[in-house]
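Just below is one structure, and these are the notes that go with it.
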Amino acid sequence: MRALTWHGRRDVRVDTVPDPRIERPDDVVVRITSSGICGSDLHLYELFGPYLDPGDVLGHEPMGIVEEVGPHVTELAVGDRVVIPFNVSCRDCHMCGQGLHSQCETTQVRERGNGAALFGYTKLYGQVPGGQAELMRVPFGNRLPIKVPHGPPDDRYVYLSDVLPTAWQAVEYAAVPQGGSVTVLGLGPIGDMATRIAQLRGAGLVIGVDLVKDRLSRAHAHGVTCLDARLGGKALGEAVRELTDGRGTDAVIDAVGTEAHGAPFAKAAQWLTGLLPDGVAQPLMEHAGVDRLGALHTGIDLVRRGGTLSVSGVYGGAASPMPLLTMFDKQLQLRMGQANVWRWVDDILPFLTDEDPLGVDSFKTHAMPLEDAPKAYAMFQAKEDGMVKTLLKP
């Protein structure tokens, strides 16, 4: 089959690799019809090379048609249409029973001290082949895939793999009161969708912050009050407080993560670490790694006293400095973590209708053949051509 594989920093290629096969009795093999490129894929493209091997298959936002089932699979049949959550979760262990599918005890990567395995996402999370490919092996075939009806286009359902549950959890964790206010930092796919979900769930004021004009315009068209991040920290804080009686918003969602703009020293440290041999870079990242914290520190400033900071952007630093004095003084609540996909599926499905209140049918900005995936990654990294969300089509 053809699949997108990692070969080095900013070097991904579409290669011919062996077809996946049934390895366990409850496996299924899915022929992929659409697979999204996620903002966190860019962390692999740019930063996390020490935890990847050449030839690793990327991608964690796929859907498709069941091609083959293992002998113990009873809940799916060949020809069924499914979305694959990015968490590799059994849905039967203690953690899954708590709705914490990203902490699944069956697939926790214990040798790394990490939570549940993820599709297409490095040795840190199990090095499981991903879904930017023609075919994909999916374990837990009776429990993990999300079965969806035939008929509507893939765009209606594919975001159940990551974008929708991640944005839904970000808003849930933000605990925005009815009629209250929230600032969303970063208007990429997760931030953009979080603004829509916050409005759907009753927020009275949704502020979106980004520095890309196309992204600001896109959010503004959906009723978001938009601010340009290039205002700078002090001016941005003043602008948000002016909109909120001098307090700041009830909540802030950080949908940016470790690759925030600014922080030149942290950026240089990340870049230099990526050039080191894996045996040196891995312990350095695990014990002394730092993030670019511009977005997170901005969020701490913008949220009102007693408010909530919800972090959905990916961070990976083990020694990142935090302004704990300010956080303690402001009495902030902080919630974060990988989305627990299945926890939110039943909440989201009622909104994936022909009325399309979340705008999923028109959410993508680009659809490209799988063979053009290297070009798509480069465009997404450079924020070219108004790219916010791309679906690859094998």
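The values are calculated or read from the model by the stated rules, or taken from the named source; none is laboratory data. Keep in mind the model is a prediction, meaning the values are calculated, not measured. Because the Cβ atoms are built from the backbone with ideal geometry, glycine has one as well, and the counts that use them run over all protein chains shown. Calculation scope for accessible area: heavy atoms of the full protein, side chains included, ligands and nucleic acids excluded. Shrake-Rupley method; radii C 1.70, N 1.55, O 1.52, S 1.80 Å.
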Those residues of the stretch 69-92 which are in contact with a Pro (Cβ under 9 Å, 6 or more places away or on another chain) and among the basic types (Lys, Arg) amount to Arg81
Determine, yes or no, whether Gly299 is open to solvent by less than 40 Å² (accessible area, probe 1.4 Å) and assigned to a loop (DSSP other than H, G, I, E, B). no
Single residue of Arg91, Arg13, Arg31 found to be in a loop (DSSP other than H, G, I, E, B) and surrounded by fewer than 23 Cβ atoms within 10 Å (Cβ to Cβ): Arg91
Suppose the filter is touching a Leu at 6+ places or on another chain (Cβ under 6 Å) and either surrounded by 16 or more Cβ atoms within 10 Å (Cβ to Cβ) or not basic (Lys, Arg) (or both); does Asp19 pass it? yes
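Yes/no per residue for (1) open to solvent by 40 Å² or more (accessible area, probe 1.4 Å); (2) in a loop (DSSP other than H, G, I, E, B); (3) touching a Phe, Trp or Tyr at 6+ places or on another chain (Cβ under 7 Å); (4) without any contact (Cβ under 8 Å) to a residue 12 or more places away in the chain:
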| position | (1), (2), (3), (4) |
| --- | --- |
| Thr326 | yes, no, no, no |
| Gln331 | yes, yes, no, no |
| Trp344 | no, no, yes, no |
| Pro357 | yes, yes, yes, no |
| Lys364 | yes, yes, no, no |
| Ala367 | yes, no, no, no |
| Gln381 | yes, no, yes, no |
| Met387 | no, yes, yes, no |
| Leu391 | no, no, no, no |
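Per-residue answers, yes or no, for (1) free of Cβ contacts under 8 Å to residues at least 60 places away in the same chain; (2) farther than 15 Å from Ser34 by Cα; (3) out of contact with any Asp or Glu (no Cβ under 7 Å at 6 or more places or on another chain):
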{"residue": "His60", "(1), (2), (3)": "no, no, no"}
{"residue": "Thr74", "(1), (2), (3)": "no, yes, yes"}
{"residue": "Cys96", "(1), (2), (3)": "no, yes, yes"}
{"residue": "Leu124", "(1), (2), (3)": "no, yes, yes"}
{"residue": "Leu135", "(1), (2), (3)": "no, no, no"}
{"residue": "Pro139", "(1), (2), (3)": "no, yes, no"}
Could you please let me know if Pro54 is open to solvent by 30 Å² or more (accessible area, probe 1.4 Å) and in contact with a strand residue (DSSP E or B) (Cβ under 9 Å, 6 or more places away or on another chain)? yes
Verdict on Glu105 being outside any loop (DSSP other than H, G, I, E, B), open to solvent by 50 Å² or more (accessible area, probe 1.4 Å) and of a type outside the set (Phe, Trp, Tyr): no
Checking Leu100 against (1) crowded, with 24+ Cβ neighbours inside 10 Å; (2) touching a residue at least 40 places away in the same chain (Cβ under 8 Å), only one condition comes out false. Which one? (1)
Let me confirm something: among Arg10, Arg2, which residue is at positive phi and in contact with a helix residue (DSSP H, G or I) (Cβ under 7 Å, 6 or more places away or on another chain)? Arg10
Out of (1) closer than 25 Å to Thr365 by Cβ; (2) under 20 Å from the mean Cα position of the chain (by Cα), the odd one out for Arg13 is which? (2)
Run down His72, His43 and say which single residue is over 11 Å from Met136 (Cβ atoms) and in contact with a Ser or Thr (Cβ under 9 Å, 6 or more places away or on another chain). His43
Tell me which of these Gly64 doesn't satisfy, since it passes every other one: (1) of a type outside the set (A, V, I, L, M); (2) open to solvent by less than 10 Å² (accessible area, probe 1.4 Å); (3) over 15 Å from Gln127 (Cα atoms); (4) part of a loop (DSSP other than H, G, I, E, B). (4)
Close pairs from the stretch 144-162: first under 16 Å from Arg31 (Cα atoms), partner open to solvent by less than 10 Å² (accessible area, probe 1.4 Å) and in a helix (DSSP H, G or I), Cβ under 9 Å, at least 6 apart: Ile146/Leu160; Ile146/Ser161; Ile146/Val341; Ile146/Val345; Val148/Leu160; Tyr157/Val360; Val158/Val360; Ser161/Val341
